Amino acid sequence: MTLAGRIDVHHHFTAPDWLDWAEQQGVVDREKLPWWTRWDLNSALEVMDKAGIGTSVMTVAMLGRFRERAQRQESARVALRAAADVVESNPERFAFFTPVFLDDLELSAWSVRHGLDELGAIGVSTRTSVEGAVLGDESHDRLLQELNDRSAVISTHPMEVPAGKDGTGLPGMPPFVCDFLMDTTRAAINLIRNGTLDRYPNLSFILPHGGGFLPYMATRLELFGGRLTPGIEPGRVRDYLHRFYFDTAGPMSPSATPTLLATVDPGRILFGTDWPPTPAHVIADSVMPALDGDACLSEQQLQDINRENALRLMPALARL
């Protein structure tokens, strides 16, 4: 791949400047945070160059828990300013999504204006659920209407599935193994059954990690969607699945490719690494060889996944 190669739509960005600010606020202890929060520009460019990634679209991370609106907004301001600075210094290599917050629509409206209109974000990012409210809940309608008016791209990312009666998940099972895939699937189904995709036809949702379990349970939705409340019309399930975009982060096993290609629109599969939570050596030694050598993908499909599909979805990237 050349420098103007792959477009990575799933790149986690924890700004060093934000960590400095959060430590000064007494919100986080850098040494107690996960190792993958140690984002730095040189490491990012190194893994991008090794993987043939021309451009990475950053998802802005803020790991602190803030009670006051003012502090929460300042947290977002610091993180977004840092993301914009990275893009300004490396305009051919980076872009970013501005975050929206499902539990605070006013803060989301500010982030949309500040991130998209003032700092040049190319879309928004959101969690698939917050405190039990799953994306597509009626409480999100005002936010989704504003984003629909903007024909926004919405990059989603899952959270842990709500804990069991004992207050914990399955012992010894990190959430990224199973919970994340389930949370993505629940959000996608919620967007379908609540009519979100019908009411807001201009929205483009990116589902990470190959869409979780969604492509592999399409037949179950067709058979049993009528039993949901509200119900899903069986004959429309495939149409709805063709509304979503699906990234390859995870990593996605080649054994899953036939099902994905048979279930979703191949023109809506996007390249993603999930770096740095997915380590550089996994990307280089496992993810890239598996994708590039996947016998189910034609040369054109691989090129589309690596770059062209993202350009069609986010034309602003064409300048890079």
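The values are calculated or read from the model by the stated rules, or taken from the named source; none is laboratory data. Bear in mind the structure is a predicted one, so any value in this text is a computation, not a measurement. Cβ: placed from backbone, ideal geometry, glycine included. Neighbour counts: every protein chain shown. We work out accessible area using only protein heavy atoms, side chains counted, and drop any ligands, DNA or RNA first. Shrake-Rupley method; radii C 1.70, N 1.55, O 1.52, S 1.80 Å.
Here are some notes:
- Selection status of Leu261, surrounded by fewer than 19 Cβ atoms within 10 Å (Cβ to Cβ) and free of Cβ contacts under 8 Å to residues at least 60 places away in the same chain: yes
- Within the stretch 207-236, the set of residues being without any contact (Cβ under 8 Å) to a residue 24 or more places away in the chain and either of a type in the set (A, V, I, L, M, F, W, C) or under 19 Å from His10 (Cα atoms) (or both) comprises Leu223, Phe224.
- When the residues of the stretch 283-320 are filtered to those that are surrounded by fewer than 18 Cβ atoms within 10 Å (Cβ to Cβ) and of a type in the set (Gly, Ala, Ser), the one that is nearest to Met48 (Cα to Cα) is Ala284.
- The residues of the stretch 14-42 that are closer than 25 Å to Ala316 by Cα, assigned to a helix (DSSP H, G or I) and not aliphatic (A, V, I, L, M) amount to a single one, Asn42.
- Count of the stretch 50-65 residues which are surrounded by fewer than 17 Cβ atoms within 10 Å (Cβ to Cβ) and hydrophobic (A, V, I, L, M, F, W, C): 1
- Residue in the stretch 189-209 that is at pLDDT 85 or above, among the small types (Gly, Ala, Ser) and either open to solvent by 40 Å² or more (accessible area, probe 1.4 Å) or assigned to a helix (DSSP H, G or I) (or both) present: no
- The residues of the stretch 118-140 that are within 16 Å of the chain's Cα centre (by Cα), assigned to a strand (DSSP E or B) and small (Gly, Ala, Ser), listed by number, are Gly123, Ser125, Ser129.
Yes/no matrix, rows are residues, columns are (1) at pLDDT below 95; (2) surrounded by fewer than 15 Cβ atoms within 10 Å (Cβ to Cβ); (3) out of contact with any Pro (no Cβ under 8 Å at 6 or more places or on another chain):
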residue: Ala4; (1), (2), (3): yes, yes, yes
residue: Asp40; (1), (2), (3): no, yes, no
residue: Leu45; (1), (2), (3): no, no, yes
residue: Met48; (1), (2), (3): no, no, yes
residue: Ala83; (1), (2), (3): no, no, yes
